[in-house]
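Right, one structure below, let's go through it.
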Number of protein chains: 2
Amino acid sequence: MPTRAPQERRRRRPTAAGVLLSRELITETALRLIGEHGQEALSVRRLGAALGCDPSALYRYFRNTDELLLAVSDRIIGDAMTGFVPGPDWVASLREMALRVRDGYLAHPRAAAMASYRITRRENEFRAVETGVGLLLSAGFPPAHAVRLYLAFIDTVLGHAALDAACQALPRERREADEQAWTSAYRSVDPESYPALSEVRDELYAMAGSSFELAVDLLLDSLAARAAALRVRT
Amino acid sequence: MPTRAPQERRRRRPTAAGVLLSRELITETALRLIGEHGQEALSVRRLGAALGCDPSALYRYFRNTDELLLAVSDRIIGDAMTGFVPGPDWVASLREMALRVRDGYLAHPRAAAMASYRITRRENEFRAVETGVGLLLSAGFPPAHAVRLYLAFIDTVLGHAALDAACQALPRERREADEQAWTSAYRSVDPESYPALSEVRDELYAMAGSSFELAVDLLLDSLAARAAALRVRT
DNA sequence: ACTTTGCGTCAATGCCGTTGACATAAGGCG
DNA sequence: CGCCTTATGTCAACGGCATTGACGCAAAGT
């Protein structure tokens with residue numbers, strides 16, 4: 001396996017522009033490109049241009065763009081969770097965990113959009129599950145409940161994060177068109193056919209935003225209520 | 001109605017292959033293509049081939065591929081919601097709506113991934129929003145709350161549906177490997193490093209399933225609690 | 001110093017969405 | 001019935017995309 005050897009490269013050769021390529025440098029540059037110029041800035045050709053090398057040189061380091069994006073995703077997850085330590089308040093801790101995951105995804109929307117539903121089964125994921133389940137156990141839930149509730153929690157977080165990231169990853173004009181729909185198309189519906197929509201027409205602008213925090217808070221409220229009910233019963 | 005009503009076409013002309021094009025036929029064929037061969041099977045050129053017409057003919061019906069995608073997306077919503085009539089119990093009605101949307105997306109797993117986060121601005125989506133917001137208004141929420149809570153609700157539903165659909169769309173062996181991970185890799189972690197995981201090891205198999213219904217029920221519990229609190233306060 | 005070979009470069013392939021010019025037949029109108 | 005307008009299918013072309021195979025140079029290992 002000449003190209004994707006995980007071990008240190010033995011031969012290194014500067015590009016025409018004098019750059020020394022490496023997997024790290026490539027993933028970093030890809031992240032930077034996405035962050036600076038939006039999602040459509042990431043193509044093999046543009047990445048090559050940004051790195052000062054021929055586009056095809058990247059194939060010495062990644063089998064294809066999918067593998068490159070997975071490498072980028074790995075890095076995102078790691079970045080998001082580093083430094084997180086759960087506190088004594090399990091609800092607040094789960095909340096912070098949710099926000100961290102969301103922020104990590106939103107920082108790199110395009111990569112996130114395609115990575116959210118892929119299970120990495122790596123160190124970082126182990127630690128996240130351990131942390132989340134541990135928090136629910138500390139809340140007093142029995143193991144069977146803790147596992148199921150954690151799944152509901154993390155899927156809600158991931159689902160919302162993926163949705164938000166996917167919106168963010170849309171080309172600017174499409175995203176703006178989608179958002180404007182709530183203050184134009186939706187505002188001017190026929191009151192006869194759509195009475196509820198008409199009644200809330202002055203609030204519809206809120207539909208353009210993200211519901212992430214509200215949804216997480218609603219979910220955590222439910223978890224807190226169930227934990228409290230448990231404590232009363234026992 | 002601002003639904004950009006594409007008024008009935010007056011002139012119709014068969015393609016070289018003898019097909020009469022229409023928005024309906026095109027969206028149907030697109031949906032079928034995606035379902036049969038994955039979302040990368042959907043390109044203007046392939047769609048043209050499947051329809052027996054020149055690719056550029058499609059631009060007589062849709063301004064670009066994005067608009068076509070929105071039409072496909074709206075059709076999924078329509079299929080999911082046809083025949084749904086909200087009952088007097090708003091919680092039960094929202095629950096049924098959630099399940100219907102989930103099933104609609106699962107019926108087209110590959111299309112769901114690319115459609116879940118878009119705002120179609122079309123009739124079926126109008127009706128769905130009308131229904132959902134109407135239910136929340138009937139629960140006693142003021143307009144501003146109804147809109148925000150509906151967004152949290154539908155995003156939770158769509159987020160979960162997209163996750164489930166994305167898993168469904170994975171190649172069989174990969175999906176089974178992912179599911180088995182919860183009964184193998186995760187079960188055998190080091191108890192010292194991962195105490196919580198070890199404590200729940202006999203329940204981890206549940207992580208392989210979907211948390212959709214539990215998550216929806218948790219959310220609806222929260223909504224019901226807030227509605228009750230509202231009623232007490234007033 | 002000599003050989004080996006990793007890897008950057010070049011050129012080419014075959015996709016993709018989209019556009020503008022063109023041709024033709026459908027349908028209104030007299 | 002025949003003309004005229006125009007909707008709409010077709011064709012050719014453009015520029016961008018990911019990916020590949022051949023090539024040759026220089027770095028590593030001896």
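The values are calculated or read from the model by the stated rules, or taken from the named source; none is laboratory data. If you're wondering where the values come from, they're calculated on a predicted model, not measured in any experiment. No Cβ is skipped: glycine too gets one built from the backbone with ideal geometry, and neighbour counts run over all protein chains shown. Side chains are part of the model used for accessible areas, which takes the heavy atoms of the whole protein and leaves out ligands, DNA and RNA. Shrake-Rupley method; radii C 1.70, N 1.55, O 1.52, S 1.80 Å.
Around B:E28, under 13 Å between beta carbons, what's the net of Lys plus Arg minus Asp minus Glu among the other residues? It would help to have the intermediate numbers written out before the result.
Values: positive: B:R23, B:R32, B:R75; negative: B:E24, B:E36, B:D74, B:D79.
With Lys, Arg at +1 and Asp, Glu at -1, the net is -1.
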Problem - Label-point gap, in nm, between B:R13 and A:E36 - each point 7 angstrom along Cα→Cβ - result: 4.9 nm
Fill in the blank from the handout: Semi-axes of the stretch A:71-116 from the Cα gyration tensor (sqrt of 5 times each eigenvalue, largest first, whole Å) come to 22, 10, 6
Practice task
Could you tell me which of A:A92, B:L68, B:A228 has its Cα farthest along the dipole of the protein assembly as shown towards the positive end, charges placed at Cβ (Lys, Arg +1; Asp, Glu -1), taken about the Cα centre?
Solution key: B:L68
Completion exercise
Among the Cα-Cα pairs of chain B, the proportion with separation greater than 21 Å, in percent, is 65 percent
Handout entry: Quarter of the Cα convex hull surface for the stretch A:97-224, i.e. its orientation-mean projected area (nm²)
Key = 9.8 nm²
Exercise for the section: Tell me, rounded to the nearest percent, the portion of alpha carbon pairs in the stretch B:178-234 spaced more than 13 Å apart. Expected result: 69 percent
Problem - Virtual spin-label span in nm between B:E213 and B:E24, 7 Å along Cα→Cβ - result: 3.6 nm
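Nearest 100 Å², what total accessible surface is buried between chain B and chain A (probe 1.4 Å)?
Numbers: alone 14390 and 14520 Å², together 23030 Å².
For chain B against chain A, roughly 5900 Å² becomes buried.
About the Cα centre, and with charges only on the beta carbon of Lys, Arg (+1) and Asp, Glu (-1), how big is the dipole of chain B? Nearest 20 debye, please. Mind dumping the intermediate values first?
Working: 30 positive and 30 negative charges, 329 e Å.
The dipole of chain B has a size of about 1580 debye.
Quick check on chain A: helices-only [θ] at 222 nm, where DSSP H runs of length 4 and up contribute -39,500 (n - 2.57) each and the sum goes over total residues. Nearest 500, please.
Numbers: 10 runs with 145 residues, N = 234.
Per the formula, -20000 deg cm²/dmol.
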Handout entry: Unit charges on C-beta of K, R, D, E only; dipole of the stretch B:85-185, Debye
Key = 280 debye
Handout entry: Rounded if a/c under 1.5, otherwise prolate or oblate - the protein assembly as shown, Cα gyration tensor axes
Key = oblate
Practice task
Considering only protein heavy atoms, with the full assembly of protein chains and a 1.4 angstrom probe, order A:I154, B:I26 by accessible area, largest first.
Solution key: A:I154, B:I26
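Which whole-number percent is the relative contact order of the stretch A:66-162 (Cα, under 8 Å, 6+ apart)?
On the way: 70 pairs, mean separation 34.6, N = 97.
Reported as a whole number, the value is 36 percent.
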Exercise for the section: With only Lys, Arg, Asp and Glu charged, each at its Cβ (+1 for the first two, -1 for the last two), find how big the charge dipole of the protein assembly as shown is about the Cα centre; round to the nearest 20 debye. Expected result: 1600 debye
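Which value, in Å², gives the accessible area per residue of chain A when a 1.4 Å probe is used on the protein heavy atoms? Mind showing how you got there, number by number?
On the way: 11580 Å² over 234 residues.
Here the per-residue accessible area is 49 Å².
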Fill in the blank from the handout: Rg/Rh of the stretch B:33-72 (Cα atoms, Kirkwood Rh), to two decimals, equals 0.94
Fill in the blank from the handout: Once the dipole of chain A is set up from charges on Cβ (+1 Lys and Arg, -1 Asp and Glu), the residue from the list A:L51, A:S193, A:F212 lying farthest towards its positive end is A:L51
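Ignoring ligands, DNA and RNA, how do B:D202, A:D190 rank by accessible area with a 1.4 Å probe, largest first? Present the calculation step by step, with values, prior to reporting the outcome.
On the way: B:D202 95, A:D190 55 Å².
Correct descending sequence by accessible area is B:D202, A:D190.
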Problem - Neighbourhood charge, 14 Å Cβ-Cβ cut-off, centred on B:G83 and excluding it, Lys, Arg +1 and Asp, Glu -1 - result: -1
Problem - Solvent-accessible surface (1.4 angstrom probe) belonging to A:R201, in square angstrom, nearest 10 - result: 90 Å²
